[in-house]
Amino acid sequence: MSSTNREVILGIGGGIAAYKSADLLRRMQDAGYRITVVPTPASLNFVGAATWEALSGRPVTTQVWERVDEVRHVNLGKIADFFLIAPCTADLIARLAAGRADDLLTNLVLASDAPKMLVPAMHPSMWSDPATVANVATLRSRGFTVMDPEVGRLTGGDVGQGRFPETQAILETFNELTGYVQDLAGKKVLVSAGGTREAIDPVRYIGNRSSGKQGIAVAKAACRRGARVHLIAANVNTDDLPGIEIEHVEDAAQMSRALQASFVGCDILVMAAAVADARPSSTADEKIKKDQYTHIDLTANPDLLKLLSTEKKNQVMVGFAAETGDLVASAKTKMSAKGLDLIYVNDVSDGAIFGQEETEGTIVLVDGQEIAIARTSKDTLADLLLDYALKQLG
């Protein structure tokens, strides 16, 4: 599933287990889900709105009468791809089964046809009561996914079925609902993104048009799929990348040191950064005056991928080629010279692709196979590249 289809409404019912959903929220964010928390008014007795706003980074409302101008009881339902209500109390289950709409959360459930999952938590006698049993059966018949609560100790020392499940168990069930696959679990993915800047003086530099969007898309996709991700970011905005280890660099020399330090321990390297081919032979300590700014002597930067290929053992190396002219021929030459396992090449004539949300080009595999990529999102391409890298990894 693409990252553009991961908006989740996290509903919070009014039970003591509400505090456990703070950890659930964090783990979902680590997996790449974008969360809007909608607590019931009763749940605020256990965890306040300020906590949910701080953790989610989004406004939190509980009643239809709040932020009326935004028509949140309809608009939030429109953007949601999934609902996860955890904890879900006996009262909330009863209201959902009856089709009630007495707060923002129940309004949203009625207003949206997105898949919905409930995580019940209550006293064992409430869970086994015929009314609750019938309500759960009704909701399941309408397409709701309803987890069975765990057996264990509850508030007050009682033991029985009604305990809020562990976070990992909830996530595993929710991932099945969303079609979310963690096929990179246990793998380390090293990604570079952005464009290096080679200083001329304290003000000017030699750079390129790389926005870093494709590299960031790969890092986020790998993280969603369970990998440990180390992103080496060259002059790009890396806000809102939870769960990803980020290292900032500026020039090719810094990029080289960062890559060499991390390459040995990685399983997949995705070299999406655009590294400047050359740097000024010397860098001025002070700004060069306009009348003295006549020429720049250049020194070639080392070929970072070629250097890494000499240290390669079982790693899969993915490269990019921004070309004009005969794209595939240029890509195959680059692949051979740099010891790559696959490469993605696109046409950058007239500045195409740079900074855009979409891309088109060709994936070339080490066996010579060519896969044409029609215009698609960079998020989708990120998952495709990881698919082929994983096949190469075996």
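Of the strands (runs of 3 or more DSSP E) lying entirely inside segment 275-384, those containing at least 3 residues that are surrounded by 12 or more Cβ atoms within 10 Å (Cβ to Cβ) are 278-280, 316-323, 342-347, 358-365, 370-377. Can you spot a residue in segment 84-106 that is surrounded by fewer than 20 Cβ atoms within 10 Å (Cβ to Cβ) and of a type in the set (V, I, T)? Within segment 84-106 (the criterion being surrounded by fewer than 20 Cβ atoms within 10 Å (Cβ to Cβ) and of a type in the set (V, I, T)), the answer is no, since none of the residues qualifies.
Do we find a residue being out of contact with any strand residue (DSSP E or B) (no Cβ under 9 Å at 6 or more places or on another chain), in contact (Cβ under 8 Å) with a residue 60 or more places away in the chain and assigned by TED's automatic domain parsing to the domain that holds D379 anywhere in segment 261-276? Checked against the condition, which is being out of contact with any strand residue (DSSP E or B) (no Cβ under 9 Å at 6 or more places or on another chain), in contact (Cβ under 8 Å) with a residue 60 or more places away in the chain and assigned by TED's automatic domain parsing to the domain that holds D379, segment 261-276 yields no hits at all. For segment 126-147, which residues satisfy the criterion of being of a type outside the set (A, V, I, L, M) and surrounded by 12 or more Cβ atoms within 10 Å (Cβ to Cβ)? W127, S128, D129, T132, N135, T138, R140, F144, T145 - these are the residues of segment 126-147 that are of a type outside the set (A, V, I, L, M) and surrounded by 12 or more Cβ atoms within 10 Å (Cβ to Cβ). Here E245 fulfils each of the conditions (1) acidic (D, E); (2) in contact (Cβ under 8 Å) with a residue 40 or more places away in the chain; (3) under 21 Å from R34 (Cβ atoms) apart from (2).
When we screen G57, G32 for residues that are in the same structural domain as D103 (by TED's automatic domain parsing) and surrounded by 15 or more Cβ atoms within 10 Å (Cβ to Cβ), the only hit is G32. Checked against the criterion of being assigned by TED's automatic domain parsing to the domain that holds T376, in contact with a helix residue (DSSP H, G or I) (Cβ under 9 Å, 6 or more places away or on another chain), within 15 Å of D267 (Cβ to Cβ) and not β-branched (V, I, T), the candidates A217, A193, A222 yield just one match: A222. Closer than 30 Å to S256 by Cβ and either outside the structural domain of R279 (by TED's automatic domain parsing) or buried (at least 20 other Cβ atoms within 10 Å of the Cβ) (or both): is that true of A169 in this structure? Judged against the criteria, A169 is not a match. Looking for something out of contact with any Leu (no Cβ under 8 Å at 6 or more places or on another chain) and basic (K, R) - is there at least one such residue anywhere in segment 273-285? No, the conditions are met nowhere in segment 273-285. Taken over segment 174-218, residues that are buried (at least 23 other Cβ atoms within 10 Å of the Cβ), in contact with a Gly (Cβ under 6 Å, 6 or more places away or on another chain) and in a loop (DSSP other than H, G, I, E, B) amount to 3. Within segment 248-260, the set of residues being surrounded by fewer than 18 Cβ atoms within 10 Å (Cβ to Cβ) and either in contact with a strand residue (DSSP E or B) (Cβ under 6 Å, 6 or more places away or on another chain) or in a loop (DSSP other than H, G, I, E, B) (or both) comprises H248, E250. What are the residues in segment 208-241 that are basic (K, R), modelled with pLDDT under 90 and farther than 19 Å from Y344 by Cα, if any? Of everything in segment 208-241, those that are basic (K, R), modelled with pLDDT under 90 and farther than 19 Å from Y344 by Cα turn out to be R224, R225.
Among residues of segment 125-171 being of a type outside the set (A, V, I, L, M, F, W, C), assigned to a loop (DSSP other than H, G, I, E, B) and within 30 Å of the chain's Cα centre (by Cα), the one that is farthest from G14 (Cα to Cα) is G143.
The values are calculated or read from the model by the stated rules, or taken from the named source; none is laboratory data. The structure presented is a predicted model; accordingly, all values stated were derived computationally and were not measured. Heads up, the Cβs are rebuilt from the backbone with ideal geometry, glycines too, and the neighbour counts pull from every protein chain shown.
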